Each structure stands twice: as structure tokens, then as C-alpha cells.
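To keep things clear, I will list the structure first and then write my remarks on it.
The values are calculated or read from the model by the stated rules, or taken from the named source; none is laboratory data. Since the structure is predicted, the reported quantities are computational estimates derived from the model, not experimental observations. As a convention, Cβ positions derive from the backbone with ideal geometry for all residues, glycine included, and neighbour counts pool all protein chains shown.
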Amino acid sequence: MNHDASLSAPTRRARRIVLLGLAVLGTASAVFVVRRPLMMSAPRCMAGRWHGCFDTFNGVVLMTLVALPLAALVVWALASRRRAAGVTSAWAWRKSLAEVGMVHGTVPFLWLTMMPGGGAGTVPARVSLVPLRDLVTMGPLGIVGNLLVFAALGFFAPMRFTALASLPRILALGAGCSVLVETAQYVLRLDRVSSVDDVLVNAVGAVLAALASRRWWRTAAETPSDRPRPAPAPAS
């Protein structure tokens with residue numbers, strides 16, 4: 001039984017408003033907590049300077065937050081276009097949110113993981129293939145950061161693609177994407193350690209995020225409602 005279908009329209013609308021309010025409140029609270037370090041990068045970012053903004057953690061996080069209104073506008077534009085094409089309203093919004101969420105929530109973390117270190121291009125590439133050895137040196141912040149790298153991908157991908165609506169596939173997706181990142185770090189000699197523990201934690205982060213969005217996953221039974229409705233035939 002589809003629980004969403006059993007709810008009245010006002011109830012579903014109220015629930016969406018509550019969830020949106022909680023998301024906004026959570027984001028605002030997080031920004032308030034880290035406002036001081038973020039504001040340190042604000043002058044350089046507002047001036048468009050690369051150094052001190054786009055090559056720092058604080059600067060990338062700040063610009064990600066600043067771009068949230070633009071991301072919301074893109075979601076609205078995509079959903080409006082799909083609704084005009086005949087896609088049902090619920091799926092138009094869900095697809096658009098999932099697509100923008102995957103990009104907006106993943107690209108900044110990929111940017112951070114691909115930032116070169118001080119010895120980029122000069123020090124030899126390093127690899128750590130012993131599982132769980134690097135977890136001790138990561139520390140709590142490092143572990144949390146690695147969990148978040150593909151969290152947005154794990155959260156939104158099964159909402160957008162039926163083929164990815166299973167935990168083993170999300171695990172494989174997160175691990176595969178992480179392997180590509182670690183390989184790029186090694187090949188480009190970015191003065192970073194290509195570690196198997198990064199792959200493991202990245203994949204676990206994607207799975208945990210997927211579990212959080214499981215109730216909204218796209219299923220094969222719901223796929224036809226996502227297609228544009230045919231225009232009515234003209235009366236003879």
C-alpha cells in the first residue's frame with residue numbers, strides 16, 4: 001500500500017511544508033555555527049579572487065551556500081518545464097530536485113577532494129591499500145567529510161533513477177565513484193594519499209544517505225506516471 005496515496009492533499013502539503021521548514025532551519029543553524037570561519041573567506045570570494053576562496057575549504061563551503069538560491073531557481077525552472085510537458089506535478093518536482101541536488105551536493109566535495117597539496121607535481125604519488133589503517137589518522141572531521149563526499153549522490157540518485165533504487169547498487173555507485181577520484185589523485189600527483197579507506201568511507205556515506213531517502217525512492221511501478229501525458233485527440 002502506498003502510504004503517500006492514502007494521505008489527503010492538505011496533509012501531504014502540510015508535511016512537505018514541515019519538511020522544508022526543518023531543512024531550512026537545519027541549514028540556517030549550521031551556517032550560524034560556522035559563520036565566523038566562513039566570513040573569513042567572504043571578502044576574497046566576493047572580489048572573485050581564486051586564492052583564499054576557491055582553493056580553501058571555507059571558501060568552497062561559502063560559495064556552495066551562496067549558490068543555494070540559484071539551485072532552487074533551477075529546480076523550479078526544470079519542474080515548471082516538465083509540468084508544462086505533461087509530467088505529473090509530484091514527479092516533476094521530485095525529478096528536478098533530485099537532479100539538482102545530486103550536482104549541487106556532490107560537485108563541491110569533489111572540488112575539495114581534488115585540491116592539490118603543497119607538494120603537488122613534485123612529491124611521488126602515494127597509495128594506501130591496507131583497509132582500516134588510515135581511519136585512525138583521519139580523525140572525526142576527516143571521517144565525517146569522507147562520509148559526505150557522495151552523500152548527496154546516494155540520497156538523490158535512487159529518487160531519480162529506478163535502476164539505482166537498491167542499497168547494493170548505491171554501495172557500488174559510491175565505491176566506483178570514489179575509486180575514480182582516488183585514481184585521479186594518484187595519476188595527477190596532487191600530493192594526496194590514494195587510500196582504500198577513503199573508498200570505504202565514501203561508499204558507506206552514500207549508503208547511509210540512501211537509507212535516509214528510502215521512502216522517496218523511485219520504483220518500477222511509479223515509472224509510467226513520470227512520462228508526459230499524451231495530448232487529447234481533437235474532436236471530430
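Overview of results
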quantity	calculated
Members of the range 166-202 that are farther than 27 Å from Val123 by Cβ and crowded, with 20+ Cβ neighbours inside 10 Å	Ile170, Leu173, Gly174
Helices (runs of 4 or more DSSP H) lying entirely in the range 88-201 (those with 2 or more residues that are of a type in the set (S, T, N, Q))	89-113, 135-148, 167-188
The range 132-144: number of residues that are out of contact with any helix residue (DSSP H, G or I) (no Cβ under 8 Å at 6 or more places or on another chain) and not hydrophobic (A, V, I, L, M, F, W, C)	4
Given (1) more than 24 Å from the chain's Cα centre (by Cα); (2) at pLDDT below 90, number of the condition Pro131 does not satisfy	(2)
Any pair with Cβ under 9 angstrom, 6 or more apart, that starts in the range 115-137 at a residue that is loosely packed, with under 12 Cβ neighbours inside 10 Å and ends at one that is in a loop (DSSP other than H, G, I, E, B)	Gly118/Asp191; Gly121/Arg189; Gly121/Leu190; Gly121/Asp191; Thr122/Arg189; Thr122/Asp191; Pro124/Arg189
